[in-house]
1. Look through segment 36-58, keep the residues that are among the aliphatic types (A, V, I, L, M) and within 11 Å of VAL96 (Cα to Cα), and return whichever of them is most open to solvent (accessible area, probe 1.4 Å).
2. Out of ILE33, ILE23, I need the residue that is of a type in the set (Val, Ile, Thr) and either open to solvent by 50 Å² or more (accessible area, probe 1.4 Å) or not in a helix (DSSP H, G or I) (or both). Which one?
3. When only residues in segment 59-116 that are among the β-branched types (Val, Ile, Thr) and modelled with pLDDT under 95 count, which is surrounded by the fewest Cβ atoms within 10 Å (Cβ to Cβ)?
4. Return the residues of segment 88-127 that are small (Gly, Ala, Ser) and farther than 13 Å from LEU67 by Cα; say none if nothing qualifies.
5. Report the residue count in segment 43-90 for those that are aliphatic (A, V, I, L, M), over 24 Å from TRP111 (Cβ atoms) and out of contact with any Phe, Trp or Tyr (no Cβ under 9 Å at 6 or more places or on another chain).
Amino acid sequence: MFIAHLPAGYLLTRGIVRKRKTIWRPALAVGLIFSLAPDLDLFYFYLVDGRRTPHHDYWTHAPLFWLAAAALTVLALSLAGKRQYLIFVGIAFANVLLHLFLDSIAADIRWLYPFSDIRFNLVEIPA
């Protein structure tokens, strides 16, 4: 988890805020946190679920959930007149999508959930 997602989040965030030196530190914090955010379900997976459900089936690995969360956050920030923080929503959403894309290489991600249960991956790795 940390071996791939944290460095990828760092590189993506660095690319997004390359010339914006004034927001580098908070942007990096947001980027790194959200590069791991979909895997917060691992706490539930190990501590509550007893590893019965594949953790990529939880809502934290559903792109539509993150799209809705980002849209609601953009709406709230816009209505509150805090448009200067929209860059952080973009960084967060980009890092979540990168996480899900990287997971899709060797794990099943349901990109169309809840509209479809079709699972997408590039390489099938047996358990």
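The values are calculated or read from the model by the stated rules, or taken from the named source; none is laboratory data. Because the structure is predicted, anything quoted here is derived from the model rather than measured. Note that each Cβ is placed from the backbone with ideal geometry, even for glycine, and that neighbours are counted across all protein chains shown. Calculation scope for accessible area: heavy atoms of the full protein, side chains included, ligands and nucleic acids excluded. Shrake-Rupley method; radii C 1.70, N 1.55, O 1.52, S 1.80 Å.
1. Pass one, segment 36-58, residues among the aliphatic types (A, V, I, L, M): 36-37, 40, 42, 47-48.
Next, from what is left, pick out any that are within 11 Å of VAL96 (Cα to Cα): 36-37.
Details: LEU36: 32, ALA37: 8 Å².
Ranking the candidates gives LEU36 first.
2. Values: ILE23 fails: either open to solvent by 50 Å² or more (accessible area, probe 1.4 Å) or not in a helix (DSSP H, G or I) (or both).
On inspection, the qualifying residue turns out to be ILE33.
3. Applying the first criterion (among the β-branched types (Val, Ile, Thr)) to segment 59-116 yields 60, 73-74, 87, 89, 91, 96, 105, 109.
Among the residues that remain, those that are also modelled with pLDDT under 95 are: 60, 105, 109.
Numbers: THR60: 19, ILE105: 12, ILE109: 22.
Across segment 59-116, the extreme among qualifying residues is ILE105.
4. First pass over segment 88-127, keeping only residues small (Gly, Ala, Ser): 90, 92, 94, 104, 106-107, 116, 127.
Answer for segment 88-127, where residues must be small (Gly, Ala, Ser) and farther than 13 Å from LEU67 by Cα: SER104, ALA106, ALA107, SER116, ALA127.
5. First pass over segment 43-90, keeping only residues aliphatic (A, V, I, L, M): 47-48, 62, 64, 67-72, 74-77, 79-80, 86-87, 89.
Subsequent filtering for residues that are over 24 Å from TRP111 (Cβ atoms) retains 47-48, 76-77, 79-80, 86-87.
Then drop every residue that is not out of contact with any Phe, Trp or Tyr (no Cβ under 9 Å at 6 or more places or on another chain), which leaves 47-48, 76, 79-80, 86-87.
So the count comes out to 7.
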